[in-house]
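Peer 1: Mind having a look at this structure? Questions to follow.
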Amino acid sequence: MFRRVNHIGVIVADLAEARRWLAEVFGLSMSRSVELPETRIRGEFYPCGDIDIEVVEIGDPEARRRRLGEGRRARIEHIAVEVDDLRAVLTRLAALGVRTTTPEPRRIGNHLNIWTDEDTTGGISYQLIAKAPDAATGKPNRS
């Protein structure tokens, strides 16, 4: 079902401050950044061994308050795990009463992503990640 932990997602109030700690203080190198303008989200990934630390800054004040909490500077928000067959995993989890935050997975790059509702998964949100099928062929994407 789950292949491996991909990353730990941390919501931060200030991306520059998180970058300073991860890069300057802990000596980690940023491997990639993401920007989702439609949701005003910016994030950066810092590999640490086989797992990345993802830090995410949310530009929308209401969404930031809801996801970060009032007066907090950072909080671990989710654990991302890679799966081979996203539909099969979602079917199995639904049978156990697990809900997701959206009805359908979201494509980001060449991966499909969906997050569990933390109220249905023991207080922890899990981001499920699977390679998206190739748009042209419909076959699994190998990258």
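No value in this document is a laboratory result; all are computed from the given coordinates. Source: prediction; values computed, not measured. When we count neighbours, we look across all protein chains shown, and the Cβ atoms used for this are built from the backbone with ideal geometry, even at glycine.
Peer 1: Among the residues of the stretch 26-61 satisfying the criterion of being farther than 20 Å from residue 6 by Cβ and of a type in the set (Gly, Ala, Ser), which is surrounded by the fewest Cβ atoms within 10 Å (Cβ to Cβ)?
Peer 2: It comes out as 27.
Peer 1: Would you please list the contacts, defined by Cβ atoms under 9 Å and residues six or more apart or on different chains, that run from a residue in the stretch 105-131 that is touching a residue at least 40 places away in the same chain (Cβ under 8 Å) and part of a loop (DSSP other than H, G, I, E, B) to a residue that is charged (D, E, K, R) and surrounded by fewer than 20 Cβ atoms within 10 Å (Cβ to Cβ)?
Peer 2: Matching pairs, first to second residue: 124/118.
Peer 1: Hey, another quick one. Can you tell me which of 40, 3, 75 is free of Cβ contacts under 8 Å to residues at least 40 places away in the same chain and within 18 Å of the chain's Cα centre (by Cα)?
Peer 2: On the way: 3 fails: free of Cβ contacts under 8 Å to residues at least 40 places away in the same chain; 75 fails: free of Cβ contacts under 8 Å to residues at least 40 places away in the same chain.
After applying the criteria, what remains is 40.
Peer 1: Let me ask something else about it. Being closer than 24 Å to residue 133 by Cα, of a type in the set (Gly, Ala, Ser) and without any contact (Cβ under 8 Å) to a residue 60 or more places away in the chain narrows it down to one residue among 94, 80; which is it?
Peer 2: 94
Peer 1: Between 15, 86, which is over 23 Å from residue 116 (Cα atoms) and touching a strand residue (DSSP E or B) at 6+ places or on another chain (Cβ under 7 Å)? Even if it seems obvious, please write down each step before you answer.
Peer 2: Numbers: 86 fails: over 23 Å from residue 116 (Cα atoms).
Result of the check over 15, 86: 15.
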